[in-house]
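Inspection log for the structure reproduced underneath, given as C-alpha cells.
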Amino acid sequence: MTKVKLYALSTCGWCRKTKRFLDDNDVDYEYEYLDLLTGNERVRALAEVEQYNRRKSFPTLVVQNDDTHVVIGYRESRLREVLGV
C-alpha cells in the first residue's frame, strides 16, 4: 500500500499546484499546512519534514511504498515517476 503525505504552506503557490496535481490525478494523500499549525503540532510536523528535507522547504511530498521517495518543490515529471501517474 502506498502512503502519500504532502507538507505544505497555505500561502505557497507551488504547494497549491502540487495539491492540485494530486487531486487531478486522483491520488489518495494526506496533507498538512505547517503555517496553520501551532505549538507541539508545528514542532512535530517540522521535525517530520526535516527527516526528509533538511532545508525544510515547501512543498515536500513523501511517498512511501516499498521504498521512500521524496519530491521537494513542484517537479511534475518526478511526481509522475514516483506516483506512477
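Only the coordinates and a few stated rules stand behind these numbers; no lab work does. Bear in mind the structure is a predicted one, so any value in this text is a computation, not a measurement. All Cβ positions, even for glycine, are placed from backbone atoms using ideal geometry, and neighbour counts span all protein chains on display.
Within the range 34-55, track down each residue that is part of a helix (DSSP H, G or I) and either within 11 Å of Tyr7 (Cα to Cα) or under 13 Å from the mean Cα position of the chain (by Cα) (or both).
Within the range 34-55, Leu34, Asp35, Ala45, Leu46, Glu48, Val49, Glu50, Gln51, Tyr52 meet the criteria.
Go through the range 29-45 and give me each residue that's of a type outside the set (Phe, Trp, Tyr) and either touching a residue at least 24 places away in the same chain (Cβ under 8 Å) or surrounded by fewer than 14 Cβ atoms within 10 Å (Cβ to Cβ) (or both).
Result: Glu30, Glu32, Leu34, Asp35, Leu36, Thr38, Gly39, Asn40, Glu41, Val43, Arg44, Ala45.
So, of the residues in the range 20-33 that are among the aromatic types (Phe, Trp, Tyr) and under 14 Å from Val63 (Cα atoms), which turns out to be farthest from the chain's Cα centre (by Cα)?
Filtering the range 20-33 for residues that are among the aromatic types (Phe, Trp, Tyr) and under 14 Å from Val63 (Cα atoms), the one farthest from the chain's Cα centre (by Cα) comes out as Tyr29.
Look at Phe58 and say whether it is surrounded by 14 or more Cβ atoms within 10 Å (Cβ to Cβ), in contact (Cβ under 8 Å) with a residue 24 or more places away in the chain and either in contact with a His (Cβ under 6 Å, 6 or more places away or on another chain) or part of a loop (DSSP other than H, G, I, E, B) (or both).
yes
Would you pick out the residues in the range 13-28 that are surrounded by fewer than 18 Cβ atoms within 10 Å (Cβ to Cβ) and touching a Phe, Trp or Tyr at 6+ places or on another chain (Cβ under 7 Å)?
Correct list: Trp14, Lys17.
Can you tell me which of (1) part of a loop (DSSP other than H, G, I, E, B); (2) more than 11 Å from the chain's Cα centre (by Cα) is the one Arg78 doesn't meet?
Arg78 satisfies every listed condition except (1).
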